[in-house]
Structures are given as C-alpha cells and as structure tokens.
Amino acid sequence: MSQSKILVTGSDLAQPAIDLLSGFDLVFAGKAPTEDDLIGLCQTYQPIAIIVRYGKITSKVIDVCANLKVISKHGSGIDTIDVKAAEQKGIAVKAAVGANANAVAEHAWALILACAKDVVYLNDRMQQGYWDKSAHKTLELKGKTLGLIGFGSIGRRTAEIAVAFGMDVLAYDPYATQVPENVTLTDLDTIYTMSDVISLHCPLTDESRELIKKDVLEKLKPGVILVNTARGGLIDEEALVERVRSGVMGTVALDSFHSEPLEGEHKFTGLEGIILSPHIGGVTGDAYVNMGVGAANNVLSALQSKAS
C-alpha cells in the first residue's frame with residue numbers, strides 16, 4: 001500500500017522537516033501554484049495534509065479533498081487559508097507560531113532604521129554624486145516612542161530591540177493579558193497619536209482589514225515612520241499613497257501588500273517616501289528551518305490527535 005500523501009504548496013522544504021515526515025510521500029506544488037494547480041494536485045493525490053507555503057487554500061481546493069485532516073501553515077499567518085471551510089469539514093488548521101519571530105522582528109528593525117536614517121535616500125544621493133552632510137539630518141530613536149499594533153512573538157521581539165535603543169514602547173493587542181514592565185499596553189488611538197514609529201505585527205482578520213485607513217492616517221504625528229512586516233491588507237493602500245504624497249508623514253516601509261507580487265506600474269512604483277521589500281521579513285536560513293519543522297510537527301500532532 002502506498003504511503004499517505006502530504007502536499008507542500010512550494011518547491012522545497014527544509015531537510016529536518018522532510019526527515020520528520022519520512023513516513024509520508026511529499027508532493028511539491030512548485031514555486032507559485034495557482035488555485036487550479038492545487039485543485040488538480042489534490043484531486044490526483046488526495047493528500048492527508050497540506051503544508052502551505054505559497055498560494056491560497058480556498059474552499060474550492062478544500063472541497064476536492066476527501067482525506068484531508070490538517071492544513072499546516074509554513075509560518076504564522078493563516079489568512080491564505082479558508083479557515084471556515086476547513087472547520088466545516090473538521091479539518092484542523094495550524095500555524096507555526098513564533099517560528100519566524102526573530103527573523104521578522106529583525107527585518108522590521110532593518111526597515112525602521114532605514115527610514116530613521118534615510119539609508120535609501122542617502123545612498124541614492126551618493127550614487128548621484130552628492131555629499132549631503134551639511135544639509136541633511138536624520139532621526140535619533142533614543143527617547144522616541146514606538147507603537148506596536150500586535151504583541152505576539154514578533155511584537156515582543158521587536159519591543160525588546162526597541163528597549164535596547166532607549167525607546168518608550170506602547171503596544172495594542174486585545175489578546176495580550178500581560179507585557180514586560182518596559183512596555184505599556186494601551187488603546188489604538190493612543191498608538192496613533194503618540195507614536196513616532198508605528199510597526200504592524202497583527203494578523204489579517206475581518207476586524208483588522210484596512211485598519212490603517214484615511215481617518216487613521218490623519219491622526220498620526222507629522223513625520224511618523226510607518227512599517228508593515230505583517231499583512232498588506234492591514235493598510236488602505238490608496239489612502240496611504242495620498243498621505244505620503246502630502247509630505248506630512250515620515251518614510252513608510254512595506255514588506256507586504258494587498259496583491260503579491262507587485263505587477264506592472266504599481267501605485268508605489270517610483271513614489272518618494274516609501275521603501276519596499278518583497279515580503280521577505282521571515283525569509284532567513286534559520287527561519288526556513290524553524291518554519292518547516294514547526295509545520296511538520298503540527299501535521300504530526302494533528303494526525304495523532306485525529307487518530308486517537
């Protein structure tokens with residue numbers, strides 16, 4: 001009898017994760033599987049589990065799966081999975097929570113520092129032959145206020161680094177019951193009006209979709225730095241473009257977007273005051289292993305639970 005199949009919606013998986021799943025046949029969907037690709041693979045192989053790296057696990061994908069017991073995210077965000085459709089069929093949905101926390105927090109800080117110190121702008125000026133030492137001042141972070149929206153494992157690590165910089169740290173998270181003594185839990189309005197830097201670390205849900213919209217952007221302090229290494233849907237992109245063009249905000253740095261990858265002449269293309277990176281915050285060698293192992297362990301524990 002052939003082994004049960006696990007579909008991986010990507011072209012690879014860390015070797016330690018593969019080793020953990022040695023009792024199963026792994027089927028790889030490729031680098032950028034479409035919904036039709038995933039439907040076809042599920043119809044052909046009828047996986048017992050899906051490890052989600054790229055693409056979306058929609059209700060149509062779930063509907064063609066007769067043996068599926070668990071959908072395991074290779075990372076922490078499950079917004080690419082139709083959780084309600086899975087739950088209706090008794091399929092467990094798991095995330096590798098915290099597996100890439102340090103990687104994403106470090107990337108958030110790379111972007112915060114790039115904004116505060118005008119790294120991209122000054123590099124471009126230098127490449128053009130300018131020497132702006134006497135005419136340009138950057139932002140010193142010590143004594144400034146960092147506002148974190150979301151205080152899970154990534155937000156906590158981001159806060160630790162902020163404290164090392166000598167910043168005051170505010171955090172909003174309706175699910176956080178306690179925080180370190182050097183972090184203050186507060187409401188969103190306080191985050192919006194008091195922060196010199198705002199960093200997003202919350203999941204994308206119906207409640208948080210376009211959380212940062214026009215009226216919120218108008219509340220932010222002049223010169224505020226806004227960084228998003230979470231999910232693109234948290235920000236109203238049209239309103240953000242309008243606000244950036246107004247010159248009121250400081251630099252914005254984005255690692256995630258409404259639609260990925262960015263295609264053609266995107267609204268952010270060539271826009272001064274925005275730094276972009278290709279949703280790479282959690283993509284490090286260490287995080288790749290951690291997320292793979294976390295996803296594999298979640299598959300194994302879910303299958304064991306279903307069997308018992």
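A few remarks follow.
- Over the chain, the ratio between the Cα radius of gyration and 2.2 N^0.38 Å evaluates to 1.09.
- Of Leu262, Leu68, Leu254, the residue with the greatest mean-square motion in the GNM of the chain, using alpha carbon springs below 10 Å, is Leu262.
- Kyte-Doolittle mean at least -0.5, axial Cα span of 27 Å or more - DSSP H helices of the chain: 285-307
- Top positive-direction residue, dipole computed over the chain with Cβ charges, set Ile225, Pro47, Thr34: Pro47
- Annotation: extensible slack from Ser277 through Asp19 equals 89.7 nm (criterion: 0.36 nm per residue apart, minus Cα-Cα distance).
- Normalising the average separation of contacting C-alpha pairs (under 8 angstrom, six or more residues apart) by the number of residues puts the relative contact order of the chain at 19 percent.
- Cα gyration tensor shape for the range 101-276, rounded if a/c is under 1.5, else prolate or oblate: oblate
- Computed from the C-alpha gyration tensor, the three semi-axes of the ellipsoid equivalent to the range 5-63 are 19, 12, 8 Å, from longest to shortest.
- Given charges at Cβ of Lys, Arg, Asp, Glu: the chain dipole, positive-most of Val248, Asn182, Tyr172: Asn182
- In the range 173-274, Rg over Rh equals 0.97, where Rg is the alpha-carbon radius of gyration and Rh the Kirkwood radius from pairwise Cα distances.
- Exposed loop sites here mean chymotrypsin sites (Phe, Trp or Tyr not before Pro) with a DSSP loop assignment and at most 13 other beta-carbon atoms within 10 Å; the chain contains its longest site-free run at 176-308.
- Check: the range 101-276 dipole with +1 on Lys, Arg Cβ and -1 on Asp, Glu Cβ, in debye: 540 debye
- Full-stretch length increase - Val163, Gln88 - with 0.36 nm per residue and alpha-carbon distance subtracted: 22.6 nm
- Contour excess over end-to-end distance, with Cα ends at Ala307 and Asp63 and 0.36 nm allotted per residue: 85.7 nm
No value in this document is a laboratory result; all are computed from the given coordinates. Just so you know, these numbers come straight off a predicted model, no measurement behind them. Cβ: placed from backbone, ideal geometry, glycine included. Neighbour counts: every protein chain shown.
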